[in-house]
1. Tally Lys and Arg at +1 and Asp and Glu at -1 over the other residues with C-beta under 9 Å from the C-beta of residue 201: what net charge comes out?
2. Assuming 0.890 mPa s and 25 °C, estimate D for segment 282-371 with Stokes-Einstein, Rh taken as the Kirkwood radius over Cα pairs, in µm²/s.
3. How big is the dipole moment of segment 251-303 about its Cα centre under a simple scheme where the beta carbon of each Lys and Arg is +1, that of each Asp and Glu is -1, and everything else is neutral? Debye, nearest 20, please.
4. Among bridges DSSP assigns within segment 144-204, what percent are antiparallel (round to 5)?
5. Summing Lys, Arg as +1 and Asp, Glu as -1, what charge do residues with Cβ under 9 Å from the Cβ of residue 80 carry, residue 80 excluded?
6. I'd like the FRET efficiency for residue 254 and residue 83, computed as 1/(1 + (r/R0)^6) with the beta carbon distance as r and R0 of 45 Å, rounded to 0.05.
7. Report the one residue of 190, 151, 170 whose Cα lies farthest in the direction of the positive end of the charge dipole of segment 140-196 (charges on C-beta: Lys and Arg +1, Asp and Glu -1; origin at the Cα centre).
8. Can you list residues whose amide H is under 5 Å from residue 161's amide H, if they're 5+ apart or on another chain and H is modeled 1.01 Å from N?
Amino acid sequence: MSLNGRGQRACLRRRNLKWERRASPAHSELKWRWLCTTAGCRTVILLEERVVVMRTTSQTWSIGRIAERRPKTDMVQARILVCIARWYLADQVHAVDRRLHTEYDTLGMLDEAAKAMTTIGSVVGAGTERTVTQLAAYHREWESGDPKHVPWAAAFRHSASGTDVGQRAMLREEKQPCEVILRREEDAVMIRIPRLDRMELVEVGELEPYSYEKSSLWRQAIGDGAVCGPTLDHFVGAEFMNKMDVLFERIRKDARLWAELKKVSLPDDGTDVSFMIGFSARTGVPYTLMSGPLIAELWLAVRDKFLVWNKNRVSGTKLTNIKITIDVQDTKLRKITGDLGDAVVISGGTHVGGELEWGGQSKTTWGQFKPLDRSRPHKWTPWTGEQWTMTMFRSGTCGPQIPTLARPMRR
């Protein structure tokens, strides 16, 4: 459908005005109404709130459809998602494959790039940054139907290839993909074989960096059953996870601070620790631990995430407390009655297992915030390696809200 020449000329003459017009009686059976408004160099016409005609700078019209409407708010203006129709040559239209969101012309070029990235990652090594944001396009083994599929644990899905702790490797002889979890001795490490879900203690010399091209076939290894690894739909990013890993490692190595944290930990924590950071929901005063430089640095690192989760919450529902656990092996079924239950949880560290069971489901919290109702029974599954958790929740006590800016207390 297009406008006649008279209608186009009238539109051009009034391009700086907002106006509305009905179709002529000759076209009354079409029952369409159009609204003309100018936004920069484009003019949009709405037809029955389904078809959109847009005039480009070349004075041509193209037809599309309205897919979604978002009303005006205090923060943004009203928006409309428009799917504009456009003709393409038949040989330029392809089914969706791994090249999506990349710039490679062929799958072969993409595979060569993925191989190069694997080589570079194994040469550079993990260093202090264990997590490297990975794209699905470079990892054919992520696909459950691939002959070399590997159901990596969440903590290894975004790690580099290598033989150090926290990296993806494979057995040199069998070419079986594995995850390096812990270093037991100088020349021995604990690994997990994802396809078999089995732990083994092997020498470092028996491993080599993981490579898709060299890895063994999935179906030859364990049959035709396809087991998918955990998905990270809301991954917070490698920068945040690496920053947390570095801070928690520094806390582990600070014997004096660790002793102070043990004093405020729960009896069931054993040799590990759990503590609160931020401000007391009852008094609005920073917790005593905030006077320590490392804990204050930890608070500043998580503050932005804390404020984001509170941004759209109305008064009375804002999160007020942040609980941290480091290497606590807590598998008890718990039900919190001392607060309102509303919470969000995230975990990290180099480990396998450690899923959050709640509401009859097992949720992967590694690298992504997950909502949790703590007033309902929930527990953590057993894990191997190193794990930290962070729970943001609202206390049941009424008191001042946590300030948006926190500074460490002086000693």
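Read-outs: derived from the displayed coordinates by stated rules, not from any lab. Predicted model only: the values in this text are computed from it and were never measured. Here Cβ is always computed from backbone atoms with ideal geometry, including for glycine, and neighbour counts include all displayed protein chains.
1. Details: positive: 184; negative: 185, 200, 203.
Neighbourhood net charge equals -2.
2. Working: Rh = 15.4 Å.
Diffusion coefficient, whole number: 160 µm²/s.
3. On the way: 7 positive and 6 negative charges, 27 e Å.
Using only the charged Cβ atoms, the result is roughly 120 debye.
4. Roughly 95 percent of the DSSP beta bridges within segment 144-204 come out antiparallel.
5. Taking every other residue near residue 80 into account, the sum is +2.
6. 0.20
7. 151
8. Amide H neighbours of residue 161, under 5 Å, 5+ apart: 122, 168.
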